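Structure first, then comments.
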Amino acid sequence: MRVSCLLGLCLILFSHMVLAGAAQSGTSIIFPSLNKQPNLEGEVLTVYGAVNHRVISPLFQAYQETYPNVAIHYIESNTRDLYEQFLSEPNTRPDVMLSPAMDLQFKLANDGYALAYDSPELSHVPKDSHWRSELFGFTYEPIVTAINTDILAGEALPQSREQLLNLIRSKNHLLDDKIGLFDIQQSGLGYLAWAYDGQQSRSYGRLLEAFGTHQAQLYTDTASMLDGLLKGQIFIAYNLVGAYSYQWTQKYSWIKTIMPTDYTTIIMRTAFIPRDAQQVTLAKRFIDLLLSPEGQHILANQSALTPISTKVEGPFSRDELSKLPHGIFRPIPLGLELLIQTDDAKKRLIYSEWRDAIQPVLNRKK
């Protein structure tokens, strides 16, 4: 109980510190060491992450219970900002980098920024969830659609992308300015999910046209989109992170989360240790925790993130996820094909298609 109280106080005291530099929209949070003995100099583990601090804090708590002399400095921001800060500020890189933007993480690892670490906990997670002992997937999360059911007026909840398009057509101008999307030029995860849609979905072009026609609102993170959905600023939110959306569905009965039945994209949050990390030993211990049965159990029971392991049980386990209505699970592979999404020519093509549909909307709103 004492440990939980201390962590709660830490979050209240430090959760609103604003970052300098590239990740200006982020927050910097300090989790002080649990060992309060005077004149005892502790160590600091620095973690960059695009995970809400309340969601990741149970893992930090477990880490500090094992290593009470370690303080944790957590820098939270969106995926694109974290990536750009990592590259632009080489003298202040973290000890651990966490992000669901698998392509950006893979590019950093492939470009030589990741330290190889043969964690003894790798045997507890699937073989296709890590790459070259440098990049480690630790969650298994669906990309979903969320709907404020006030817009349905008795109509059936759409279950597929085709049914979503039919709903948009039937509501027509009632949905002008009422659809929320990731701004794929500002969000790394948004870009990845949209690019994968382009490979998998036959409705990709029609969806983009519909979003442009109805003047979709653009967001840089899932939390802001869900807040807009709750307040009625939007009625449909497309390609959200499922873990956060399902939490809102449990709290607010009029918000429904859908894993599309045509297919459900699965992303992995990934972690790596930068080659120039200052606290390599502390970082390796954190990777061990992420991949261990204990860490995976914490995800499945306390953090509301579906763990990558198929062996752990809990309300947010992969087994429980599979019991919810869904389409064919299509995980984005953690491999060299991710580099296609980061190729400059490929990005220019996707951005051009996006701007052709969305930019006229942005111009009308100025």
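The values are calculated or read from the model by the stated rules, or taken from the named source; none is laboratory data. In this text, all values refer to a predicted model and were calculated from it rather than measured experimentally. Ideal geometry is used to build each Cβ from the backbone, glycine not excepted, and the neighbour counts take in all protein chains shown. All accessible areas refer to the heavy atoms of the entire protein, side chains included, with ligands and DNA or RNA removed. Shrake-Rupley method; radii C 1.70, N 1.55, O 1.52, S 1.80 Å.
Numbers for the structure displayed
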{"read-out": "Per-peptide average of other Cβ atoms within 10 Å, ordering 190-197, 150-157, 53-60 highest first", "value": "190-197, 53-60, 150-157"}
{"read-out": "For the chain, built as a Gaussian network whose Cα springs stay under 10 Å, the top-fluctuating residue of Lys323, Lys347, Lys107", "value": "Lys323"}
{"read-out": "Amide H contacts of Asp183 (H built 1.01 Å from N, under 5 Å, at least 5 apart or other chain)", "value": "Tyr219, Thr220"}
{"read-out": "Percent accessible area from carbon and sulfur atoms, the chain, protein chains only, probe 1.4 Å", "value": "51 percent"}
{"read-out": "Helix-only mean residue ellipticity at 222 nm for the chain, each DSSP H run of n ≥ 4 adding -39500 (n - 2.57), per residue, nearest 500", "value": "-12000 deg cm²/dmol"}
{"read-out": "Among 218-226, 201-209, the order from most to least packed when residues are scored by Cβ within 10 Å on average", "value": "218-226, 201-209"}
{"read-out": "10 Å-binned pair-distance histogram of segment 101-165 (Cα, whole percent)", "value": "16, 32, 17, 18, 15, 2"}
{"read-out": "Between 0 and 90°, nearest 10: helix 161-171 axis offset from the chain longest Cα axis", "value": "50 degrees"}
{"read-out": "Extreme residue, positive dipole direction of the chain, given options His73, Trp131, Gly314 (C-beta unit charges)", "value": "Gly314"}
{"read-out": "Segment 143-238: relative contact order as a whole-number percent, Cα under 8 Å and 6+ apart", "value": "46 percent"}
{"read-out": "Highest-MSF residue in the chain out of Asn91, Asn301, Asn110 [GNM, Cα springs under 10 Å]", "value": "Asn91"}
{"read-out": "Accessible area in square angstrom per residue, the chain, 1.4 angstrom probe", "value": "43 Å²"}
{"read-out": "Degrees, to the nearest 10: 344-365 long Cα axis against longest axis of the chain", "value": "60 degrees"}
{"read-out": "³J(HN,Hα), Karplus 6.51/-1.76/1.60, whole Hz, each residue of segment 208-215, x for Gly, Pro", "value": "4, 4, 5, 5, x, 4, 9, 6"}
{"read-out": "Simple spin-label estimate for Ala223 and Arg275 in nanometres, 7 Å along Cα-Cβ", "value": "3.3 nm"}
{"read-out": "Alpha carbon Rg of segment 44-146, scaled by the compact-globule rule 2.2 N^0.38 Å", "value": "1.12"}
{"read-out": "Long-range amide H partners of Gln215 with built H, under 5 Å", "value": "Asp177"}
{"read-out": "For peptides 65-74, 163-172, sequence by mean Cβ density within 10 Å, most packed first", "value": "65-74, 163-172"}
{"read-out": "Solvent accessible area, Å² - Ile287, 1.4 Å probe, full protein context", "value": "0 Å²"}
{"read-out": "Gaussian network model of the chain, Cα within-10 Å springs - most flexible of Gln279, Gln296, Gln199", "value": "Gln199"}
{"read-out": "Descending semi-axes in whole angstrom, ellipsoid equivalent of the chain, from the Cα gyration tensor", "value": "35, 22, 20"}
{"read-out": "The chain, dipole about Cα centre (Lys/Arg Cβ +1, Asp/Glu Cβ -1), debye to the nearest 20", "value": "680 debye"}
{"read-out": "Length-normalised contact order for segment 48-197 - Cα pairs under 8 Å, 6+ apart - percent", "value": "25 percent"}
{"read-out": "Label-point gap, in nm, between Glu320 and Gln250 - each point 7 angstrom along Cα→Cβ", "value": "0.6 nm"}
{"read-out": "Exceeding the 29 Å Cα-Cα cut-off - candidates Lys127/Lys284; Lys251/Lys347; Lys107/Lys256; Lys127/Lys323; Lys251/Lys323", "value": "Lys251/Lys347; Lys107/Lys256"}
